[in-house]
Structures are given as C-alpha cells and as structure tokens.
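Colleague: I'd like to ask some things about the structure below.
The values are calculated or read from the model by the stated rules, or taken from the named source; none is laboratory data. Keep in mind it's a predicted model, so treat the numbers as computed, not measured. Note that each Cβ is placed from the backbone with ideal geometry, even for glycine, and that neighbours are counted across all protein chains shown.
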Amino acid sequence: MTRILPYDQEDTQDVVVPLSAEQVQELRKRQPLLSVWRVVGAQILVGFLLAGAVSWVSGKPSVGWSALYGAGAVIFPAALFARGLMAPLASANAGAAVFGFFLWEMVKVGLTVAMLFAAPRLLTDLSWPAMLAGLIVTMKVYWLALGLRRVFYPKPN
C-alpha cells in the first residue's frame, strides 16, 4: 500500500516543468473543450423528437406537450446556465469562475424545480409520466456529450 508522506518528508526530486506555448497549443488541439451550446442544441433536438414520438404513440397531443414541457424544464435552465458561464465577469479570475459556476448551478436547479411545480397550473391535461420521461431523457444528453466526443467537441483546425 502506498503511503503519502508529510510535506516536510516528501521527495523534492520531482519538479513540475511548465509547458511552453507550443506545447499548450498542441495539447489544446488534442483535447478540445466541450461546447456547451452543442449540448443544449442536442437537448433541444432530443426533447422535440421525444415529444413527437410520445404524441404519435399515445395519439394524444396533450401527452406530447407534457413531454415537451418536461424537456423544457431541463433545456431553459441549461441554456441560462451556459449563458451565465459565458459572461466575461464569470471568467475574470479563478475565484469568480468558481463562484459563478455555483451561482448559475443553483439558478439552474431552482428554475427546474420552479418549472416542475408550475406544470400542473400551466398544462391543463398534464401527463406526469410523459413529463418526467421528457425531463429524464433530456437530462441524459449530458452523458451522451461525455461519450460521443466527435459530435459534441469542436473539430481541431
């Protein structure tokens, strides 16, 4: 079993060498950043496809609207979250970036919960299973974004 030594007893032979500008550019080409707007776009596509499929299978437009509302309860807060993270103030320094991330994440969760509580008042013939299916399937797009690099990550130049 490996033991972690106290700070004063660590082996100081390991020196971290900073990367050069060329090495950083090469690293960014090999490992591009995830495009949040592609994820939101995929959520919109999945939400509409699911709502159409559910409406077609059930034969009731109200079930499709319920599924679309469930997808919207994920899409609108996610788009607001992405917009908030892209603000110049949110990336001013590391502390502001961390604070901005947690602030916009709380806004996203709060808005999702508020939309779910408002659903019975906004949709007259609400189908809870269809709405929850729209919510869950649209949320799972985040996992697709992690697994399908070619679709969600920008292509290197």
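Colleague: Any residue in region 107-119 that is closer than 19 Å to Pro129 by Cβ sitting within a Cβ distance under 7 Å of a residue that is hydrophobic (A, V, I, L, M, F, W, C) and not in a helix (DSSP H, G or I)? List the pairs, counting only those 6 or more apart or interchain.
Modeller: Ala119/Leu126
This table checks each residue for (1) of a type in the set (Val, Ile, Thr); (2) modelled with pLDDT of 95 or more; (3) assigned to a helix (DSSP H, G or I); (4) on the phi > 0 side of the Ramachandran plot.
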site	(1), (2), (3), (4)
Gly110	no, yes, yes, no
Met115	no, yes, yes, no
Ile136	yes, yes, yes, no
Tyr142	no, no, yes, no
Ala145	no, no, yes, no
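Colleague: Another one. State which residue pairs qualify: first residue on the phi < 0 side of the Ramachandran plot and inside region 22-43, second residue aromatic (Phe, Trp, Tyr) and in a helix (DSSP H, G or I) in any location, beta carbons under 7 Å apart, and separation of 6 or more residues or different chains.
Modeller: Leu34/Phe152; Ser35/Phe152; Arg38/Phe152; Val39/Tyr142; Val39/Phe152
Colleague: Considering only region 18-60, how many residues are part of a loop (DSSP other than H, G, I, E, B) and modelled with pLDDT of 80 or more?
Modeller: Taking region 18-60 as the starting set, the residues that turn out to be part of a loop (DSSP other than H, G, I, E, B) are 18-20, 31-35, 59-60.
So of that shortlist, the ones also modelled with pLDDT of 80 or more come out as 18-20, 59-60.
Residues that pass the stated criteria total 5.
Colleague: What's the number of the only condition in (1) within 19 Å of the chain's Cα centre (by Cα); (2) closer than 30 Å to Val63 by Cα; (3) hydrophobic (A, V, I, L, M, F, W, C) that Phe99 fails to meet?
Modeller: (2)
Colleague: Would it be correct to say that Arg150 is at pLDDT below 95, under 30 Å from Gln31 (Cβ atoms) and exposed (fewer than 12 other Cβ atoms within 10 Å of the Cβ)? Spell out the reasoning first.
Modeller: Values: at pLDDT below 95: yes; under 30 Å from Gln31 (Cβ atoms): yes; exposed (fewer than 12 other Cβ atoms within 10 Å of the Cβ): yes.
Yes, satisfied.
Colleague: Take Gly100 and decide whether it is over 26 Å from Leu132 (Cα atoms), out of contact with any strand residue (DSSP E or B) (no Cβ under 6 Å at 6 or more places or on another chain), of a type outside the set (Phe, Trp, Tyr) and surrounded by 14 or more Cβ atoms within 10 Å (Cβ to Cβ). Steps first, answer last, please.
Modeller: On the way: over 26 Å from Leu132 (Cα atoms): yes; out of contact with any strand residue (DSSP E or B) (no Cβ under 6 Å at 6 or more places or on another chain): yes; of a type outside the set (Phe, Trp, Tyr): yes; surrounded by 14 or more Cβ atoms within 10 Å (Cβ to Cβ): yes.
Yes.
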